[in-house]
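The values are calculated or read from the model by the stated rules, or taken from the named source; none is laboratory data. From a predicted model like this one, the values you see are computed outputs, not experimental measurements. Every residue, glycine among them, receives a Cβ derived from its backbone with ideal geometry; neighbour counts consider all protein chains shown.
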Amino acid sequence: MTSNPVRVTLVGALVTFALFATVLMMMRPLMAIDETRYLTVAWEMWQGGSKFVPHLNGEIYSHKPPLLFWLVNLAWMAFGQSEWAARLVAPAFGLLSVYLVARLARAMWPDAPERGGLAALILATSGLFLLYGSTTMFDTMLTAATLIGMLSIWSLQRGLRLGPVIGLGVALALGVLAKGPVILVHVMPAALLMPLWAAREERVRIAGWYGRIALAFAIALALVLVWLGPAVILGGAEYREQILWKQSAGRMVKSFAHSRPDWFFIALLPLYLWPWGWSRAGLASLKPSRLWADPGARMVSIWAVAALIAFSLISGKQAHYLLPEMPALALLLSGMVPTAEPRHRAWRLAWLLPGFGVAIAAAAVPFGAFPELPDGTGSWMFWIIGVAVLALAALILLRAHAGWRAEAWAAPLALVAIQAMVWPILWPIYDPAPLGALLAAHSQHGVATTDTGYAGQFSYAGRLQKPVQVLGNSADLGRWMAAHPGGIVLAPKKIADVTGLGQIAERHFRQRDWRIYQVALPADPAPADVPAPDAAQ
């Protein structure tokens, strides 16, 4: 039975993640392009769009499955249509992941129950997980699905029972509905390589094992077909090609977005390990001898290394693609060796290096170090607040006695300090709400844009009642103007010499100066000539 201190650590981890994820979310606007795009897709579904086939700008959106959009709509149904209800959906799965990693640690190392609470605390306060876990994206859902899959695989190895088979099938289906077949890259290596990690005396029959893995795969396929069947029928041939091939296998073979070199994720390893892996105790827990010391460590190592290799070989790469492997790092780091801690505490200040770096950059903004930023985006008040938070973090780290309790403060406070220092940049430049409100105020006759890559940056922000129409060329613009007198056109570049189109506003957003034009209304017809009365009458 879990001891009381362990339970306290787990509760503390859950509270810490919930608190700091909410604070970080409140300190920044909806971030384009990802957050604004996903909420616009959910918004178009809320406005009466298809519940099976997501849409963006009135066109089929095949880049992601619908689970996030469904859940956002459910949140709006339960709590009312608000931005905060939508933005809390993805962090809720981050919170679930913190709980699940503790469950997995307790299952793997029942003789070391303290590893459950510590694994949860490590995951909850790891910088990259906390940062992405506070955003509206798909990766926390994928992380939770991966953890459910790992719990099922570990339980299945302890006995070929039906419950874990169903659990693995549900996990795979949840992952597919969250982000697509990529869930297989995160979960299946550990399942297929069971003979490498399971203890010889506890190893189940190979034939029975792989038969049950196949059954779990069949269960997952059946669950996914409940959505995919109607979706591919309603979406047509183009949607079938996109959702079944291009958005999954196509990205792996040759990326059409985010193409980066093979060493990309290796270079980011220090960020994935920040701050817990930046100590001697953390590094000692990652020695090869410890990674292969017991069945749990071997399974987790295969999980993490297989995903690292697979995603390194895949063409498209983003830092958050390996978020489902952050629990694996937390599990490995939970075996920290306290005796590896150095005598002097000053080395803990290294955990705040990301914050110190941003402090230096933010202090240079008012002196013109970043000329691409508009005037007025540097503020000493916010910089002072951020530096004060860093100073508080430094004081806690220097005075704390237990090493891992000190580490728990490093990334959360550093991230709060960073967002405080960049506040004058985030809100004036990256907040889509002002431009969205301006569009909404003039949208009664329709809204179009000449930005062919428009990803809904302002549609949800302005709560537009109809999708924005994307215009591909000048001929499309002319036809749209003829059909929408009084309508407005959003343009990232100046539109010159178009009769009947006048600029009414200009706003800066991110790296562009966006212009809003309005189509002229037809002139009122002149009153017909009234004949003079007949004088003879």
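Structural remarks
- Residue within region 32-42 that is of a type in the set (S, T, N, Q) and under 23 Å from R510 (Cβ atoms) present: yes
- Looking only at region 82-139, and only at residues there that are polar (S, T, N, Q) and modelled with pLDDT of 95 or more, the one that is surrounded by the fewest Cβ atoms within 10 Å (Cβ to Cβ): T135
- Among residues of region 54-81 being among the small types (G, A, S) and out of contact with any strand residue (DSSP E or B) (no Cβ under 7 Å at 6 or more places or on another chain), the one that is modelled with the lowest pLDDT is S62.
- Count of region 78-108 residues which are more than 18 Å from S152 (Cβ to Cβ) and touching a helix residue (DSSP H, G or I) at 6+ places or on another chain (Cβ under 9 Å): 17
- Among the residues making up region 452-503, those that are of a type in the set (V, I, T) and surrounded by 13 or more Cβ atoms within 10 Å (Cβ to Cβ) are V468, V470, I488, V489, I495, V498.
- Only one of A369, A388, A400 that is within 26 Å of M26 (Cβ to Cβ) and not polar (S, T, N, Q): A388
- If the condition is being more than 18 Å from L67 (Cα to Cα) and free of Cβ contacts under 8 Å to residues at least 40 places away in the same chain, then region 168-190 contributes only M188.
- Only one of the numbered conditions (1) modelled with pLDDT of 95 or more; (2) acidic (D, E); (3) outside the structural domain of A107 (by TED's automatic domain parsing) is not met by E325, and that is (3).
- Answer residue from region 163-184, given it is surrounded by fewer than 20 Cβ atoms within 10 Å (Cβ to Cβ) and hydrophobic (A, V, I, L, M, F, W, C) and is farthest from L142 (Cα to Cα) among those: I166
- Boolean, L415 is within 19 Å of the chain's Cα centre (by Cα) and modelled with pLDDT under 95: no
- L271 meets all of the listed conditions (1) under 19 Å from the mean Cα position of the chain (by Cα); (2) part of a helix (DSSP H, G or I); (3) crowded, with 16+ Cβ neighbours inside 10 Å but one, namely (3).
- Flag if G355 is assigned to a loop (DSSP other than H, G, I, E, B), touching a residue at least 12 places away in the same chain (Cβ under 8 Å) and buried (at least 16 other Cβ atoms within 10 Å of the Cβ): no
- Residues in region 167-213 that are assigned to a helix (DSSP H, G or I), under 30 Å from the mean Cα position of the chain (by Cα) and of a type in the set (G, A, S): G167, G169, A171, A173, G175, A178, A190, A191.
- Test result for L373, free of Cβ contacts under 8 Å to residues at least 12 places away in the same chain and surrounded by fewer than 21 Cβ atoms within 10 Å (Cβ to Cβ): no
- Residue satisfying condition, being surrounded by 15 or more Cβ atoms within 10 Å (Cβ to Cβ), over 18 Å from S126 (Cα atoms) and not assigned by TED's automatic domain parsing to the domain that holds T125, within set G378, G368: G378
- Residue list for region 25-41, filter: under 12 Å from the mean Cα position of the chain (by Cα) and charged (D, E, K, R): D34, E35, R37
- Residue satisfying all of: in region 214-259; among the aromatic types (F, W, Y) and either closer than 18 Å to W154 by Cβ or assigned to a helix (DSSP H, G or I) (or both); modelled with the highest pLDDT among these: F217
- Matching entry among R507, R463 (being among the charged types (D, E, K, R) and at pLDDT 95 or above): R463
- Candidate set from region 89-106 (those that are touching a residue at least 60 places away in the same chain (Cβ under 8 Å) and hydrophobic (A, V, I, L, M, F, W, C)); member that is nearest to A171 (Cα to Cα): L100
- For first residues located in region 296-315 and in the same structural domain as M150 (by TED's automatic domain parsing) and closer than 18 Å to R106 by Cβ, partners that are in a helix (DSSP H, G or I) and of a type in the set (K, R) and lie 6+ apart or on another chain with Cβ distances below 8 Å form the pairs A297/R290.
- Matching entry among A21, A42, A32 (being within 10 Å of G456 (Cα to Cα), of a type in the set (G, A, S) and crowded, with 18+ Cβ neighbours inside 10 Å): A32
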